[in-house]
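The values are calculated or read from the model by the stated rules, or taken from the named source; none is laboratory data. Source: prediction; values computed, not measured. Positions of Cβ are generated from backbone atoms using ideal geometry, with glycine treated the same way; all protein chains shown enter the neighbour counts. Protein only, heavy atoms only, side chains kept; ligands, DNA and RNA dropped before computing areas. Shrake-Rupley method; radii C 1.70, N 1.55, O 1.52, S 1.80 Å.
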Amino acid sequence: MQATFRTLLPKLFRPNFIINERCCNKSQVISQFHNCGINTVYNMESEANRMEFIDVLGMPTSVLKYGKLSQDVKNIFLVIPGNPGVVEYYDYFMSHLYDKHDKHIPVWGVSHAGHVLPPAGNQPLYKKLSYEVCSLEGQIRHKVAFIKENIPSNVRLFLIGHSIGCYIILKVLDQLDHPIGRCFMLFPTIERMALTPNGRLNTPLLKYLRWLAPMLVYGIDMLPERTRKWMIARHFNDENVPECVLSATLGLVNPFCVSNALYMAHIEMQTVTDLDEALVKRHLDCLSFYYGSTDNWCPVQYSRDFKKLFPNCDIRVCEKGYSHAYVIDASLDMADIVGEWSNNFL
């Protein structure tokens, strides 16, 4: 967290991240980052994935797909990201989860509305509509609509949430007609967000200073692309990161997406307060939780409190020190964990 870019929005944006749809040739992107002196974990599977935009509630929505739905498909994994909700950061995780089940079960991920710029020509409509659905409640409606419109109701859902994505999953369960195989809640922020170490620091910043971030990002966005790539290389200095993290980070310098993500984060601090025990109890039989051991967005004490309330719940606490932003340092390991965990419910 020493370089300027690394401290731009470290606690708000490191947990989940942002996409860059403008960079299509990933091999070229990685080559350019290597020229900046950064080590990468290159994911060959990414070349075969399907990144597309689908209209959801009038919003062009970025969706990443491994595998297709057909009449023979009975199960699907669906990733609901955190905030910023940009699914490309989960590419490496998703591709390995797809491989874990021998490419027999589709693995899809859907970005949050307003967090990824659509292809050229759609921006005016996109910006007009985003304010209606980029709140936390709007994102919940957005995910319900996506599932109902794109996944047949007879296909069994295996939902994978990360951070605030876990809260969204809890809220959509009552609204779905699909059979639920399991919900894997990774590093869940489902209660008392403003009272966490990161929440205490960021709540006042989000309330009073979030307007500064888009201005700063606008300035960075005006820099030559080569300079921005150098800044990203410095940001991830001495880290082995998946290439999807690098290409996605190149899209971070977008004032519109940053503004929407910060607004959503501001609403989260006000909305995600006391645990909705009745909601959890209704769906306890299909919930599995994975808490971090050093997570400042979801302290390990929260897992102990949760276990006291629901002693029979399927809860695991990380023993390897993975960060809240596991897509940076533990995508493959987390895909192995979820893949093996899910075998118990398939």
Item to check | Nonlocal amide H pairs with Leu78, under 5 Å, H built at 1.01 Å | outcome: Trp108, Phe158, Leu159, Ile160
Checklist outcome for this item: So the FRET efficiency between Ser70 and Leu176, C-beta based with R0 = 22 Å and rounded to 0.05, is 0.55
Item to check | Cut-off under 5 Å, modelled amide H: who pairs with Ile180 long-range | outcome: Leu157
Checklist entry - How much net charge surrounds Pro179 when only the other residues with a Cβ under 15 Å from the Cβ of Pro179 are counted, with Lys and Arg +1 and Asp and Glu -1? => result +1
Checklist entry - In nm, to one decimal, how far is the His283 label point from the Asn237 one, both placed 7 Å along Cα→Cβ? => result 4.3 nm
Checklist outcome for this item: Counting only residues 5 or more apart in sequence or on a different chain, those whose built amide H sits under 5 Å from that of Val56 are Thr61
Next on the checklist: Tell me the per residue accessible area of the range 227-285 using a 1.4 Å probe; a whole number in Å² is fine.
Outcome noted: 38 Å²
Checklist entry - Along the charge dipole of the range 225-346, which of Ala248, Thr227, Gln301 sits closest to the positive end, that is, farthest toward it, with unit charges on the beta carbon of Lys, Arg, Asp and Glu (+1, +1, -1, -1)? => result Thr227
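Which entries in the list Lys143/Lys307; Lys74/Lys171; Lys148/Lys207 go over 31 Å, if you measure between the two C-alpha atoms of each?
Working: Lys143/Lys307 28 Å; Lys74/Lys171 23 Å; Lys148/Lys207 34 Å.
Those over the limit are Lys148/Lys207.
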Checklist entry - So how far apart, in nm, are the two label points at Leu57 and Met222 if each is 7 Å from Cα heading toward Cβ? => result 3.4 nm
Next on the checklist: I need the phi-derived Karplus couplings for the range 138-150: 6.51 cos²θ - 1.76 cosθ + 1.60, θ = phi - 60°, integer Hz, Gly and Pro marked x.
Outcome noted: x, 5, 5, 4, 4, 6, 4, 5, 4, 5, 5, 8, 10
Item to check | Those chymotrypsin sites (Phe, Trp or Tyr not before Pro) in the range 246-346 that DSSP places in a loop and that have at most 12 other beta carbons within 10 Å | outcome: none
